[in-house]
1. What dipole magnitude, in Debye to the nearest 20, does the chain give about its Cα centre under +1 on Lys/Arg Cβ and -1 on Asp/Glu Cβ?
2. Are any of the pairs Lys75/Lys281; Lys75/Lys429; Lys23/Lys75; Lys34/Lys223 more than 32 Å apart by Cα-Cα distance, and if so, which?
3. For the chain, build the charge dipole from Cβ charges (+1 Lys, Arg; -1 Asp, Glu) around the Cα centre, then report which of Pro343, Val271, Phe166 sits farthest towards its positive end.
4. If the only charges are +1 at each Lys and Arg Cβ and -1 at each Asp and Glu Cβ, what is the size of the charge dipole of the stretch 173-318 around the Cα centre, to the nearest 20 debye?
5. Set the Förster radius R0 to 60 Å, insert the Cβ-Cβ distance between Thr60 and Ala460 as r into 1/(1 + (r/R0)^6), and round the FRET efficiency to 0.05.
6. What net charge is computed for the residues neighbouring Leu107, neighbours being all others with C-beta under 13 Å from the C-beta of Leu107, Lys and Arg scored +1, Asp and Glu -1?
7. Mind checking which of Ala209, Ala191, Ala175 is farthest towards the positive end of the stretch 165-211's charge dipole, using Cβ charges of +1 (Lys, Arg) and -1 (Asp, Glu) about the Cα centre?
8. Could you please state how large a percent of the accessible area of the chain is carbon and sulfur, counting protein chains only and using a 1.4 Å probe?
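The values are calculated or read from the model by the stated rules, or taken from the named source; none is laboratory data. Here the structure is a predicted model, which is why all the values come from computation and not from measurement. Cβ placement follows ideal geometry from the backbone for every residue including glycine, while neighbour counts extend to all protein chains displayed. In case anyone asks, the SASA skips ligands and DNA or RNA and just uses the protein heavy atoms, side chains included. Shrake-Rupley method; radii C 1.70, N 1.55, O 1.52, S 1.80 Å.
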Amino acid sequence: MAYQSLNPYDGKILKTFEELTDKQLETALQTAAKCFEIWRHTTFTERTAVLKRAAAILRTRVEDFARPITLEMGKLIEESRGEVALSADILDYYAENAERFLAPQQLTPASGEATIESSPLGVLFGVEPWNFPYYQLARFVAPNLMAGNVVLVKHASNVPQCAIAFADLFIEAGAPVGAYTNLLISKAQVARVIADPRVKGVALTGSEAAGTIVAGQAGGALKKSTMELGGSDAFIVLEDADLDETVKWALWGRINNAGQCCVAAKRFVVVEEVADRFLEKFKAAMGGLKTGDPMDKTTTLAPLSSNQALLTLVDQVDRSVAKGARIVIGGKRVDGSGAFMQPTILTDIEPGTPAYTEEFFGPVALFFRVADEDAAVALANDSSFGLGGSVFTKDIARGKRVASRIDTGMVFINHPTWTAADLPFGGIKHSGYGRELSSLGIQEFVNKKLIRVADINAPA
Ligand code: NAP
């Protein structure tokens, strides 16, 4: 069964779902295309009312929305509640700011008048991952509905209940049928949707492998796409950092969402002067984590999203160790039925080995000791990824200088890279292209149309 809710904490199947038939998919495409002709003519006030109602429903029924996240992909329940609140913030943010972001822009040409209008493109298609089952949807859906587009979404196959709950939310909030359609479809059907002439743009958040395929399909059909892909963020610790606070953030940055964040701190790049002290404190912090039921608020390390995710991570650790990496702590799966990985730190990682080049999606920290600031920057940039990163130092001016030298889409100072509705999110290199959130995210799928008033009597 392609779409299935399976609890990664106990391995029990909760529910299975049929994929759409081709006929049902065609009906969904027709409905979306028809809805666009209505939705594009609605006012910002009308769209705002729908998004505001959706945000309010999320806030009043946090528990109803949070529990399916934890049941389907294993996130700690408190983090699930936080995700519901963050998703509501994103809906509110675009409801309140979209009209301003998309206001016509007057140009000042040498003569006459010129304006840039932002008009919607049409039916958009989003392919989304399980790691933040609502937040990822909110990032794509909120700006685009506010811009007057309508959306089709193919969510990850392990979070169908979240996918359905979020689509239902918009119907409950008063969106017309076809404004937001969840599609339980196969990969072959994904390719057909991308090729369909009614679909005008494609957004994918997911792995580099999926991004390569979907971006290729979109490119082949000459459609605009955005790609929000994986990362291996560097967490740089300079010698003047406050070590206790830094270790607190190192732990959070690595194990938040059980380590399954695209912008998780993955490579810990620490200057020699403080490397031993940092490692000792970090090891103690990682060793203090407690695995258990993610519904239990005393649990501090959740299971991974699936047994397959766990097998992949263990294999990455094994291959790294075979190439010379040393295990400081952990390194194995936790015995039992849940998809738990031991909190792990690897060190002595050589260039070209799996721990140096691959994204580790789970609670496995990759530790690098470097001589100084320049060496830290060089190591941070020696990656095919370019998503986020962070610099820890008491000297903010220095932190900003280092941040400017890092080749990624986002760098935070004294905090792991994180997200908010009003901050742009996205990467460069193999982490993808385009931006979501903030004023930038709403500009990706609109027609920036020039309207020029010329002087008809001007010399030819
Ligand atoms: P994934 O395997 O790439 O899946 C993401 C989505 O793509 C799912 O809906 C998946 O469907 C679909 N998909 C996969 N292969 C496809 C194909 N050949 N054709 C069409 N659709 C395809 O990624 P994941 O393991 O779920 O998510 C983790 C990855 O996402 C990590 O690399 C993480 O860093 C990245 N991520 C990036 C961001 C960002 O903003 N940059 C945010 C979150 C996560 P199925 O589930 O049916 O396979």
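1. Working: 47 positive and 54 negative charges, 164 e Å.
That gives a dipole near 780 debye.
2. Beyond 32 Å between Cα atoms: Lys23/Lys75.
3. About the Cα centre, the residue reaching furthest to the positive side is Phe166.
4. Working: 15 positive and 17 negative charges, 218 e Å.
In total the dipole reaches around 1040 debye.
5. Efficiency, rounded to the nearest 0.05: 0.40.
6. +1
7. Of Ala209, Ala191, Ala175, it is Ala191.
8. About 55 percent, which is the carbon plus sulfur part of the accessible surface.
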